[in-house]
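Input: a single structure, listed below in structure tokens.
The values are calculated or read from the model by the stated rules, or taken from the named source; none is laboratory data. These figures come from a predicted structure and were not determined experimentally. Virtual Cβ from ideal backbone geometry, glycine too; neighbours counted across all protein chains shown. Areas reflect the complete protein model, heavy atoms only, side chains present, ligands, DNA and RNA absent. Shrake-Rupley method; radii C 1.70, N 1.55, O 1.52, S 1.80 Å.
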Amino acid sequence: MLWAIGQFYGTTFIMTITLYGFPASANTHRVRAFLSILGLPFEERLVNLVTGEQRLPEFLKLSPAGQVPILMDESATVFDSHAILIYLAEKYDAKGTWWPKAAIARAEVLSWMFFDANELHNGIGWSRNHVAFRVPGDPVPFQQRGRSALKTLEARLGAHPWLALDQPTLADVTCVPLVALCHEAGLSLEHLPAVRGWVERVQGVPRFPTMPSYG
Ligand SMILES: N[C@@H](CCC(=O)N[C@@H](CS)C(=O)NCC(=O)O)C(=O)O
């Protein structure tokens, strides 16, 4: 592992966080975004999904499913972006701003994180794979699921500024990348004003990095 000197709110320390990811991956971006929001220094290493590096034996030792993102922090290795966000919040967000401590608040945040992993990933994510990344297959059924997920978000965000609570949480950081990139999946936010406003609000969170794009 590469060691470097980092700064975290004025304190100098040895940097140990490595993010293995792919630039255009929405799953990678939510981790990149949360590391940046927290102000945590990290090193990013490219896993080239186009050439199949995710299936190399050395990478499979880190990532049981052969997928990015993977986070290494000191001796810990964590896979799955949702698990990584919760790990980072537990370890580095002492105030519980992004991952509140109350059981019901956590349940509300988790509901939307699972909504991402199920509805957004299997709707927008898979249609984006077919449309933008040219993975062979029919995007239409995935686009239908993506449209339905976007309608759900429009209904929710028409009545709430943030997905889970009265403040931005991991729910928002989790869901925003695929929604903001839905045009790459052949979908549109044109008739979804509440979703568009929310995307702008989340991307306006201090240090939220620019969304990646493919193509
Ligand atoms: N549930 C996982 C999904 C990870 C995922 O699907 N990663 C994609 C890139 S966005 C990947 O590595 N695909 C390569 C492959 O499956 O071969 C997460 O949230 O991290």
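Just the protein heavy atoms count here, and of the accessible area of the chain at 1.4 Å, carbon and sulfur take up 58 percent.
In terms of packing, defined here as the mean over residues of other Cβ atoms within 10 angstrom, the peptides 28-34, 194-200 line up highest first as 28-34, 194-200. If you run the Gaussian network model on the chain, springs between alpha carbon atoms under 10 Å, then out of Q54, Q167, Q67 the most flexible one is Q167. Across all directions, the average flat footprint of the convex hull enclosing the Cα atoms of the chain is 12.1 nm². Considering only P168, L120, A132, the residue lying farthest towards the positive end of the dipole of the range 103-203 is A132, judged by Cα position with unit charges set on Cβ. Accessible surface calculations at 1.4 Å, restricted to protein heavy atoms, place the range 16-95 at 43 Å² per residue. DSSP beta bridges fully contained in the chain are about 75 percent antiparallel. Taking the Cα centre of the chain as origin and assigning +1 to Lys and Arg Cβ atoms and -1 to Asp and Glu Cβ atoms, the resulting dipole is close to 180 debye. For the pair A83 and R201, a Förster radius of 22 Å applied to the C-beta separation gives a FRET efficiency near 0.30, rounded to the nearest 0.05. Only aspartates and glutamates eight or more places from K101 in sequence, or on another chain, were considered; those with a Cα closer than 16 Å are E90, D93, D166. Under the criterion of Cα pairs below 8 Å and six or more residues apart, the relative contact order for the range 103-203 equals 35 percent.
Here the dipole of the range 133-215 is about 60 debye; that uses its Cα centre as origin and unit charges on the Cβ of Lys and Arg (positive) and Asp and Glu (negative). Per residue, the chain reaches -12500 deg cm²/dmol at 222 nm when only DSSP H runs of four or more residues are counted, each adding -39500 (n - 2.57).
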